[in-house]
1. Could you give the accessible area per residue of region 93-170, probe 1.4 Å, as a whole number in Å²?
2. Relative contact order of the chain: what whole-number percent is it, with Cα pairs under 8 angstrom and at least 6 residues apart?
3. Carbon and sulfur: what percent of the chain's accessible surface (1.4 Å probe)?
4. Rounded to the nearest 500, what is the 222 nm mean residue ellipticity of the chain from helices alone, with -39500 (n - 2.57) per DSSP H run of 4+ residues and division by all residues?
5. May I ask for the net charge around residue 95, where only other residues with Cβ less than 11 Å from the Cβ of residue 95 are counted and Lys, Arg are +1 while Asp, Glu are -1?
6. Work out the P(r) tail for the chain: percent of alpha carbon pairs separated by more than 22 Å, whole number.
7. Shape of region 1-88 from its Cα gyration tensor (a ≥ b ≥ c, root eigenvalues): rounded if a/c is under 1.5, otherwise prolate when a/b > b/c, or oblate?
8. Per residue, how large is the accessible surface of region 15-89? Use a 1.4 angstrom probe and give square angstrom.
Amino acid sequence: MILTQAELNAPIPGAPNFTLAELIRSNTATQRGISNTPTDPEIITNLQTLAREALQPCRNALGPVVVNSGLRLPILNTAIGGSSTSWHCFGKAADIKVPSRSLWDVFCWFHDKVPCIELIAEELPYGWIPVAYSSDYAGPSNTKYKLGGGPVKKASFDDIKKIFKQQGLI
């Protein structure tokens, strides 16, 4: 499936504040001449579902959402040193910020409102929130955190709350 510029720039049905172009944009891909435009219909559907079921509800509740990173096709993921099992590779994850809210507010909102495959508080104290969502996942959020420059570590919601407190973020 080849997407046209009009299709890439059109609002996603059910997520009027998001476009596929926004979810595939990558400065690294642009700088290195890497195409990050999906042709697999399943990846396109995953991106639309992520926007409709996770990102748009967040925007409706908390305000404008900035997507720092969405889809990473394999060549781009390798170029940035990403994990080969990253949900980004499947169009099921986005790294976001909500400029009007703290990272803790955004993390809590997703934890409480969206059944995320994975929810990470990354590059604390001033980072972003990677959100992974799939419509076929109904379990509790798999919560993790990453302090600036450190590895991603799995932790309970309560343990992550303690880390936010230790960092002076709440």
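1. Numbers: 3840 Å² over 78 residues.
Averaged over the residues of region 93-170, the accessible area is 49 Å².
2. On the way: 302 pairs, mean separation 27.8, N = 170.
Value for the chain: 16 percent.
3. Working: 4390 of 8490 Å².
So the carbon and sulfur contribution to the accessible surface is 52 percent.
4. Values: 8 runs with 60 residues, N = 170.
Taking each H run of at least 4 residues, the total per residue is -9000 deg cm²/dmol.
5. On the way: positive: 72, 97; negative: 122, 123.
Net of charged neighbours comes to 0.
6. Working: 5828 of 14365 pairs.
In whole percent, the long-distance tail amounts to 41.
7. Because a/c hits 1.5 or more and a/b exceeds b/c, region 1-88 counts as prolate.
8. Numbers: 3510 Å² over 75 residues.
Counting only protein heavy atoms, the per-residue value for region 15-89 is 47 Å².
The values are calculated or read from the model by the stated rules, or taken from the named source; none is laboratory data. None of these values were measured; they are calculated from a predicted model. Note that each Cβ is placed from the backbone with ideal geometry, even for glycine, and that neighbours are counted across all protein chains shown. Protein only, heavy atoms only, side chains kept; ligands, DNA and RNA dropped before computing areas. Shrake-Rupley method; radii C 1.70, N 1.55, O 1.52, S 1.80 Å.
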